[in-house]
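Take a look at the structure set out below.
The values are calculated or read from the model by the stated rules, or taken from the named source; none is laboratory data. Note that this is a predicted model, so its numbers are computed, not measured. Here the Cβ positions follow ideal geometry from the backbone for every residue, glycine too, while neighbour counts run over all protein chains shown.
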Amino acid sequence: MTWFTWRQFRLQALVVLVLLVATAVFFAVTGPHLWSEYDSLRHCSAHGDCASLNSSVNNGYSKVFPFVQALVIALPGLLGMFWGAPLIAREIESGTYRLAWTQGVTRARWVLTKLLVVGAASMVAAGLMSWMFMWWASPYNTLSANRFSSSVFDSAYIAPIGYAAFAFALGVAAGVVWRRTVPAMATTLVAFVAVRLSFAHYLRPRLLPPLTKVATLKHAQNIGFERTPTGMSFVVGDANQPNALLVSSSVVGNHGGTMSSQWLNVHCHALFHFNPPPGKSGPTSVGVRPAMFTDCMNKISASFHQVLTYQPASRFWTFEWIEMSTFIVFALLLGAFSYWWVKRRIA
Amino acid sequence: MTSALHATDLGKRYGRKWALSNCTLDIPTGHVVGLVGPNGAGKTTLLHLAVGLLTPDSGTINVLGEVPATSAEQLGHIGFVAQNTPVYEHLSIETHLAMGAALNPSWDAQLARRRMHDLALDPSQHAGDLSGGQRAQLALTLAIAKRPSLLLLDEPVAALDPLARREFLATLMEVVADNEVSVILSSHLVADLERVCDYLVVLAAARVQANGEIEDLLASHHRLVGTRRDLDSLPTSAHVVEVSHTERQTTVVVASDDPILDPTWSVEPLTLEDLVLAYMSQAEEQRRELVRTKGGAS
């Protein structure tokens, strides 16, 4: 059965193999150059001109990086659509299940072999792609110092293996329920994207209790004020936590409470009631004098501070493992469902 | 001796509609059985139940003494040619034979190769490029090279032209002669079955209407023609299959093991086709009656 599964799967496998080889060739051609530039950047203090080297490395990547990354992130979903969905649906659709399930092999073994062989191939393909990509993109990712961002995390090392297992099992399950390839492919795509996105946005930040960090507003970055219907509000950018996953950030009063527009109105009166120069319309902030701003900021940082919750960079691998295992568990559940459905419901 | 197919109160429904109901059958081994009935009578359902592609919703079915498709060994005993003879269009004949060899422990590779050779089929040809007749022959080869004890064929010749039809049935007869194999094949045409079968099951309106060895069926069924009358005068042992009246004449098809001795009837033998048609039209009449009653009630 393993041989025949492989024989039926050969052409589809070949297409993905060609894609993997093409990507590998591309990485092998462009990678060493980017790596050597990155190496000289690391030792640039000896030669000077770090800034131009930095931008050279970044430029080297930035043109192709989004495309390659999109491919790596999409690959598990594509495997689910093109390997998973047709796996059993096509046999049902074309009527060949009547040939397949009346050979001297039980239907249970037939389904199990298909699930295992093609499922394992999906995981290997996604794993290879992701490891190659990580090698190639490592300098860029190190420079960006943002490995916990979903754009890096989702294509890194082992998480894609879990995604591929899940997408494949999802495709098979959709296929046995629909019994037709095309709707099964569409269902796979929609369900895969929905589960992946909701996992990345809602579940991932909460997988472990986040750490809390209190920061003074004195050194805060990207601060400013924003006009709101009720007056003004204070805006502060997220404090920089290299490679961490920021869960929440808020401005809290030293004795509790939040900053109201009323408070701002009272304490930063000058800032708020500054009249624009005569004859000039437009944003009221035009012409705010730095002194007013500094004065206001001092008052704010005396009474308020920033509270950040985040998953630290050190948890990166823990999170990769959790995410991969969770998706593999999803895949196992879906695989068991397909197995049961084919054995009991298609009868 | 175990039966080739033994069914008790067998039923299968799709949604609310019963495709097969109250099917009780006991077909001995060693026959070539024709399963005849109009389209939608439940022939495919019965065969799919027999090969384990479907599971019953009521009753039981045993094939060669075992519940279908419960083990690889059981599956190995049954050769099945499904309707429209499905094959993998993108795979070559050679690969199909390799599949048969890989998936069936009792595979007879020599037999399969010889059959392809006799049919003058190129093993490297893709199954999708074969003619309907060639495809049916390939499907038959896959089924018989398993060396099955029972061969089930679902409308194997329905889609074939007359020549391919004749060749297919000739091959089938060769197989039966060379191997000790029981065969059940379905068709909606009596003519196809008459040539090759010695046992008949008439299936109509989801029920078994008649079954038995063809010789016995023909011997026990009669057409009675006489002046127009009610049927009270018939012996009680006679089972009326079909009645039709004209202004002056009554024609009855009856099943009776005893001879009809009433001299007011002229007794005629039936052809197999007449017999099958009598059962089918009776089933159809009953179905219409049922629909009319239901329609009147609501």
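Per the listing A:Ala164, A:Ala200, the residue uniquely in a helix (DSSP H, G or I), touching a Pro at 6+ places or on another chain (Cβ under 7 Å), in the same structural domain as A:Met324 (by TED's automatic domain parsing) and closer than 30 Å to A:Leu34 by Cβ is A:Ala164. In summary, B:Ser3 fulfils each of the numbered conditions (1) surrounded by fewer than 21 Cβ atoms within 10 Å (Cβ to Cβ); (2) more than 10 Å from chain A (Cβ to nearest Cβ); (3) touching a Lys or Arg at 6+ places or on another chain (Cβ under 8 Å) with the single exception of condition (3). Candidates in segment B:116-161 are the residues that are part of a strand (DSSP E or B) and closer than 20 Å to B:Leu53 by Cα; of these, the one that is nearest to the other protein chains (Cβ to nearest Cβ) is B:Leu152. Taking the numbered list (1) in the same structural domain as A:Ser122 (by TED's automatic domain parsing); (2) at pLDDT below 95 in turn, A:Ser301 passes all entries but (1). Within segment A:150-167, the presence of a residue that is small (Gly, Ala, Ser), surrounded by fewer than 19 Cβ atoms within 10 Å (Cβ to Cβ) and out of contact with any helix residue (DSSP H, G or I) (no Cβ under 7 Å at 6 or more places or on another chain) is excluded. Of the residues making up segment A:167-197, just one is under 19 Å from A:Gln12 (Cα atoms) and either not in a helix (DSSP H, G or I) or not assigned by TED's automatic domain parsing to the domain that holds A:Leu332 (or both), namely A:Arg180. The single condition among (1) more than 8 Å from every other protein chain (Cβ to nearest Cβ); (2) farther than 25 Å from B:Ala204 by Cα; (3) not acidic (Asp, Glu) that B:Leu47 does not satisfy is (2). In segment B:146-159, the residues that are not assigned by TED's automatic domain parsing to the domain that holds B:Leu64 form no Cβ pair under 9 Å with any partner that is crowded, with 24+ Cβ neighbours inside 10 Å and of a type outside the set (Gly, Ala, Ser), whether six or more places apart or across chains. Among the residues of segment A:86-99, write down those that are crowded, with 22+ Cβ neighbours inside 10 Å, under 40 Å from the mean Cα position of the chain (by Cα) and within 11 Å of chain B (Cβ to nearest Cβ). Hits for segment A:86-99 are A:Glu91, A:Tyr97.
Residues in segment B:99-115 that are over 27 Å from the mean Cα position of the chain (by Cα) and more than 13 Å from chain A (Cβ to nearest Cβ): 4 in all. Scanning segment A:306-341 for residues that are crowded, with 18+ Cβ neighbours inside 10 Å, within 30 Å of A:Leu87 (Cα to Cα) and polar (S, T, N, Q) yields a single hit, A:Ser338.
Residues in segment B:80-98 that are in contact (Cβ under 8 Å) with a residue 24 or more places away in the chain, within 11 Å of A:Arg7 (Cα to Cα) and within 7 Å of another protein chain (Cβ to nearest Cβ): none. Residues that are of a type in the set (Phe, Trp, Tyr), in a helix (DSSP H, G or I), within 14 Å of chain B (Cβ to nearest Cβ) and under 30 Å from A:Ala121 (Cβ atoms) occur in segment A:7-16; there is at least one.
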